[in-house]
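Take a look at the structure below.
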Amino acid sequence: MLGEGTPKVAIMMGSPNDREQLDAGIQLLEEFGVDHEVNVLSAHRNPNQVAEYVDAAEGRGIQVFICAAGLAAHLAGAVAARSTLPVIGIPVQGGALNGLDALLATVQMPRGTPVATMAIGKHGAVNAALLALQILGLQDGDIKAKLKQKKEEAGGK
């Protein structure tokens, strides 16, 4: 949630049980000072609330969606079908196939429903936050500079 500013990143998860896998990504957004909001919304259990939330998001200042879901993992696709904003999908680890089913569901979006799909679980959450920061950094020089510094500290370019 962070400061008192307008949230730029909407983080959605299909179940409150998914939160643990998202925490490192959420902490990264906080480290960068990016206001965000976190909601539990399921494409299956409450599709009408997902639709209402997505439809209102851009008008409230949201610029990027991060959607985490397991099993059938339709959340990212449901969001991408309703919005022109970037959608980043995180397949949640768990279930009978340990996240493989969620990965396949998230990565196999039909034409016209783009979802940037990350790795399964915690690594995916960190990469989703980094990609959201890169997207925001296209128009925010401070975020871009912090990303560059973080990459240099990690031994990158």
> Taking N as the number of residues in the range 9-151, what value does Rg over Cα atoms divided by 2.2 N^0.38 Å take?
Replying inline: 0.97
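Classify the range 77-132: rounded, prolate or oblate, from the alpha-carbon gyration tensor (a ≥ b ≥ c, eigenvalue square roots; a/c under 1.5 rounded; otherwise prolate if a/b is larger than b/c)? Before the final figure, lay out the partial values.
Values: a/c = 2.66, a/b = 1.33, b/c = 2.00.
Judged from the Cα gyration tensor, the range 77-132 comes out oblate (a/c at least 1.5, b/c at or above a/b).
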> Where a Cα-Cα gap under 12 Å defines reach, which aspartates and glutamates qualify for Lys146, not counting those fewer than 8 residues away within the same chain?
Replying inline: Glu31
> For the chain, what relative contact order do you get, as a whole percent, if you take Cα pairs closer than 8 Å and at least 6 residues apart?
Replying inline: 23
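Which helices count as membrane-span-like in the chain under these terms: full DSSP H, at least 20 Å along the axis by C-alpha, Kyte-Doolittle mean of 0.0 or more? List each step's numbers first, then the result.
Working: long enough: 122-137 (22 Å, 1.01).
What comes out of the filter, once short or polar helices are dropped, is 122-137.
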> Could you give the dipole magnitude of the range 9-151 about its Cα centre, charging the beta-carbon of Lys and Arg +1 and that of Asp and Glu -1, in debye to the nearest 20?
Replying inline: 400
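A short reminder: the numbers here are calculations on the coordinates, not readings from a lab. Only a predicted model underlies this, so the values are computations on that prediction, with no experimental measurement involved. Every residue, glycine among them, receives a Cβ derived from its backbone with ideal geometry; neighbour counts consider all protein chains shown.
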